[in-house]
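After the structure tokens below, expect a handful of questions from me.
Readers should treat all values here as calculations from the given coordinates under stated rules, not as data from a laboratory. Owing to the predicted nature of the structure, the values given are computational and were not obtained by experimental measurement. A quick note on method: Cβ atoms are made from the backbone with ideal geometry, for glycine too, and the neighbour counts reach across all protein chains shown.
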Amino acid sequence: DSLGHAAGDSLLREVALRLAGEVPPQGLLARLGGDEFAVLLPGVLGEKGAMELGRRIGDALAQPWVFGDHIIDVHASMGVGFAPVDGQNGDALLQACDMALYAAKAAGRDTLHFFSRELELQARQRLGMLSDIRRGLEQGHFDVYYQPQIALDGETLVGFEALVRWHHPERGMISPADFIPAAEESGLIVPLGAWVLERACWDAASWPVGLRVAVNVAAAQIDRSDVLAIVKTVLERTGLSSARLEIELTESSLMGENQEVRALLNALRRRGVRVALDDFGTGYSSMSYLRSFPLDKLKIDRSFVCALDDDARGEAVAIVDAIVRLAKALQLETTAEGVETIKQANCLERIGCTYAQGYRYAKPMDADATQAFITAWRGFIAPAPVGVAAMDFEADSDNLYGSRRQGTRSRFAAL
Ligand code: C2E
Ligand code: MG
Ligand code: MG
């Protein structure tokens, strides 16, 4: 996709040729659509035969493909089903292969997976989960919890991260780690994410004006919905000042030099909404993202913070220190995630990390408990940023590729 349509077509032709070279004459090779191909073989092949063919196909594709100046590695995931045991007609057999393919993709690159009844059960559960999410949204089974974020230099409360919770009527509390991936894949993250955003902004509007709310936005929301329009509507409806909203993205949203994502981030930031990069250090952490995407903050992943406790060789300190220095040099703030101990907090403060979030301060809690937490922190709450009341979401016109980083000060001075 990044090399354009013509490259994609040319690659598909090349793959078809290579596959054709491996499929025996009595077999049928077809392109099902997109980047999916199917091979149908008559006769008794058996698992061994299928594995052997899979290996040959894998080898045929392994040879890098050259397109202009680009050398491209091609990988395939393969799903295998047998008639009549796995499916007695074309549709059923293709469906079985599809489930096997899904499992192969989940297992990583270049894998071959056979269909099994267990896969079918899992697929049914996935579908069940999706209809449960839909029902949960309609019937109010979702809730938003809040986890405080603390400024390390003065230990003041600066805001909260909004974290979705699902109280399933039969299965009890389900962790976001268990349903967010399915919601992303199915697109249900769009209505769910919009609901979380609106709920979080309503709640935040009732907090003291110095406090912000950070809301997670998944890559699929950016791909499949107009995040800017949704944010704008929600801010108007809830009356929350845009300067009090922060959007947390993961690196998966920034993959592949995406102009639209860059434009979105610019537009959000020009309106005063802040942008944080979540779980920094766990993905590809390509330094080029930091240069090419407009951000306000890096959230240092919990795994590095956790390692600070038992760090005889000073490796964890060195990594966190390097991330904080890098962030400072790029005028980005930092939040350490998953701070559980005083030792970690002290170490992070020494290093110069801006904010901390974690069980040391509080676990995520419901809206009522959040109000009580705010009351308890009275006197230790960040003051309202100057000019917040005057921030207007529609203050400026759209220059989609605006300046990379507008400092808070210049933004307010401009008002
Ligand atoms: P995240 O955005 O990195 O959120 C931080 C996670 O770390 C939360 O898990 C939080 O409860 C947990 N955590 C915070 N402090 C500590 C600590 O001191 N120790 C330990 N062990 N864990 C800590 P949670 O709420 O289960 O959320 C998991 C992930 O699900 C989130 O990771 C986020 O990626 C995703 N998620 C949650 N809510 C939403 C949402 O509304 N939209 C989207 N797109 N994703 C969400
Ligand atoms: Mg987050
Ligand atoms: Mg995180």
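Find which of Leu137, Ala336, Gln26 sits farthest along the positive direction of the dipole of the chain, computed with +1 on the beta-carbon of Lys and Arg, -1 on that of Asp and Glu, about the Cα centre.
My answer, from the dipole projection, is Ala336.
Can you tell me the FRET efficiency between Glu260 and Ser186 if r is taken as the Cβ-Cβ distance and R0 is 25 Å, rounded to the nearest 0.05? Before the final figure, lay out each step's value.
Values: r = 22 Å, r/R0 = 0.86.
E(calc), rounded to 0.05, equals 0.70.
What is the calculated FRET efficiency for Phe67 to Arg126, with r their C-beta to C-beta distance and R₀ = 51 Å, to the nearest 0.05?
Details: r = 36 Å, r/R0 = 0.70.
The computed FRET efficiency comes out at 0.90.
By count of other Cβ within 10 Å, fewest leading, how are Lys363, Lys232 ordered? All intermediate terms of the calculation are to be shown ahead of the outcome.
Details: Lys363 11, Lys232 18.
Lowest to highest Cβ neighbour count: Lys363, Lys232.
With a cut-off of 8 Å between alpha carbons and a minimum separation of six or more residues, what is the relative contact order of the stretch 13-108 in percent?
Numbers: 92 pairs, mean separation 17.2, N = 96.
Computed value for the stretch 13-108: 18 percent relative contact order.
Determine the calculated [θ] at 222 nm for the chain from helices alone, applying -39500 (n - 2.57) to every DSSP H run no shorter than 4 residues and normalising by the residue count; nearest 500 deg cm²/dmol.
Values: 15 runs with 185 residues, N = 415.
Here the helix-only value at 222 nm equals -14000 deg cm²/dmol.
Also, I was wondering about something else. Can you compute the label reach from Arg360? Point 7 Å from Cα along the Cβ direction, backbone N cut-off under 19 Å, restricted to the stretch 277-294.
279-280
Give me the one-decimal nm value for the distance between modelled label points at Leu40 and Asp153, 7 Å along each residue's Cα-to-Cβ direction.
Spacing of the two 7 Å Cα→Cβ label points: 6.9 nm.
Another question about this same structure. Rule-of-thumb check for the chain: C-alpha Rg over 2.2 N^0.38 Å? Display every interim value, and only then the final one.
Details: Rg = 25.0 Å, N = 415, 2.2 N^0.38 = 21.7 Å.
This ratio for the chain stands at 1.15.
Could you run the Karplus curve 6.51 cos²θ - 1.76 cosθ + 1.60 with θ = phi - 60° over the stretch 367-380 and give me ³J(HN,Hα) per residue in whole Hz, x for Gly and Pro?
Calculated HN-Hα couplings, in order: 4, 5, 4, 5, 4, 5, 4, 4, 4, 5, 8, 3, x, 10 Hz.
Further question on the same structure: Which one, Leu228, Pro42, Ala107, projects farthest toward the positive side of the charge dipole computed for the chain from Cβ point charges (K/R +1, D/E -1)?
Checking the options against the dipole of the chain, the answer is Leu228.
Just to be sure I understand: of the beta bridges DSSP finds with both ends in the chain, what percent are antiparallel, rounded to 5?
Numbers: 24 of 49 bridges.
That works out to approximately 50 percent antiparallel.
Given R₀ = 35 Å, FRET efficiency for Ala322-Ala177 by Cβ-Cβ distance, to 0.05? Intermediate results must be reported in sequence, preceding the final value.
Working: r = 28 Å, r/R0 = 0.79.
For R0 = 35 Å, the calculated efficiency reads 0.80.
Moving on. Assuming a ≥ b ≥ c are the square roots of the Cα gyration tensor eigenvalues, decide whether the stretch 285-394 counts as rounded (a/c under 1.5), prolate (otherwise, with a/b larger than b/c) or oblate.
Working: a/c = 2.22, a/b = 1.19, b/c = 1.87.
Oblate shape, in that a/c is at least 1.5 and b/c is the bigger or equal ratio.
Using amide H atoms built 1.01 Å from N in the peptide plane, name the residues 5+ places from Gly159, or on other chains, whose amide H lies under 5 Å from its own.
Gln149, Arg212
Multiply the residue separation of Val85 and Asp223 by 0.36 nm, subtract the distance between their alpha-carbon atoms, and state the gained length in nm to one decimal.
Values: separation 138, 0.36 × 138 = 49.68 nm, distance 3.86 nm.
Once the chain is fully extended between Val85 and Asp223, it gains 45.8 nm.
Over the stretch 218-327, what relative contact order in percent results from Cα pairs under 8 Å that are six or more residues apart?
Details: 113 pairs, mean separation 24.3, N = 110.
Over the stretch 218-327, the number comes to 22 percent.
So for the pair Arg134, Arg56, with labels modelled 7 Å out along Cα→Cβ, what separation do we get in nm?
Simple spin-label model gives 4.4 nm for this pair.
Would you work out if the stretch 33-191 is rounded, prolate or oblate? Take a ≥ b ≥ c from the square roots of the eigenvalues of the alpha-carbon gyration tensor; rounded if a/c is under 1.5, else prolate when a/b is larger than b/c, oblate otherwise. Intermediate results must be reported in sequence, preceding the final value.
Working: a/c = 3.34, a/b = 1.67, b/c = 2.00.
Since a/c reaches 1.5 but b/c is at least a/b, the shape of the stretch 33-191 is classed as oblate.
Provide Tyr146, Tyr359 in ascending order of the number of other Cβ atoms located within 10 Å of each residue's Cβ, fewest first. Walk me through the intermediate numbers first.
Numbers: Tyr146 27, Tyr359 12.
Going from sparsest to densest Cβ surroundings: Tyr359, Tyr146.
Tabulate in residue order the Karplus-calculated ³J(HN,Hα) for the stretch 261-273, using 6.51 cos²θ - 1.76 cosθ + 1.60 with θ = phi - 60°, rounded to whole Hz; enter x for Gly and Pro.
Result, ordered by residue: 5, 4, 5, 4, 5, 4, 5, 4, 5, 5, 8, x, 6 Hz.
Compute, for the chain, the length of the dipole vector about the Cα centre, with Cβ point charges of +1 (Lys, Arg) and -1 (Asp, Glu) only. Units Debye, rounded to 20. Before the final figure, lay out each step's value.
Numbers: 42 positive and 56 negative charges, 184 e Å.
The calculation lands at about 880 debye.
Using the number of other C-beta atoms within 10 angstrom as an exposure proxy, rank Thr111, Thr233, Thr334 with the fewest first.
Listing Thr111, Thr233, Thr334 from fewest to most nearby Cβ atoms yields Thr233, Thr111, Thr334.
Under 1.5 on a/c is rounded, so check that first for the stretch 53-93, then, if it is not, pick prolate when a/b is larger than b/c and oblate when it is not; a ≥ b ≥ c are the square roots of the alpha carbon gyration tensor eigenvalues.
Numbers: a/c = 5.46, a/b = 3.01, b/c = 1.82.
Taking the square roots of the gyration eigenvalues as a ≥ b ≥ c, the stretch 53-93 is prolate.
Please name which of Ala243, Ser253, Ala276 has its Cα lying farthest along the dipole of the stretch 236-278 towards the positive end, using unit charges on Cβ (Lys, Arg +1; Asp, Glu -1) and the Cα centre as origin.
Ala243
With an 8 Å Cα cut-off and a minimum separation of 6 or more residues, compute the relative contact order for the chain in percent. Write out the running numbers ahead of the final one.
On the way: 628 pairs, mean separation 52.3, N = 415.
It comes to 13 percent, rounded to a whole number.
How compact and how long is the stretch 26-98, expressed as Rg and Dmax of its alpha-carbon atoms in Å?
According to the Cα coordinates of the stretch 26-98, Rg and Dmax are 14.3, 47 Å.
Please identify, among Ala60, Ala100, Ala318, the residue showing maximal mean-square fluctuation in a Gaussian network model of the chain using a 10 angstrom Cα cutoff.
Ala60
If the chain between Arg291 and Phe380 were fully stretched, how many nm would it gain, using 0.36 nm times the residue separation less the Cα-Cα distance? Walk me through the intermediate numbers first.
Details: separation 89, 0.36 × 89 = 32.04 nm, distance 3.44 nm.
Extra length available between Arg291 and Phe380 comes to 28.6 nm.
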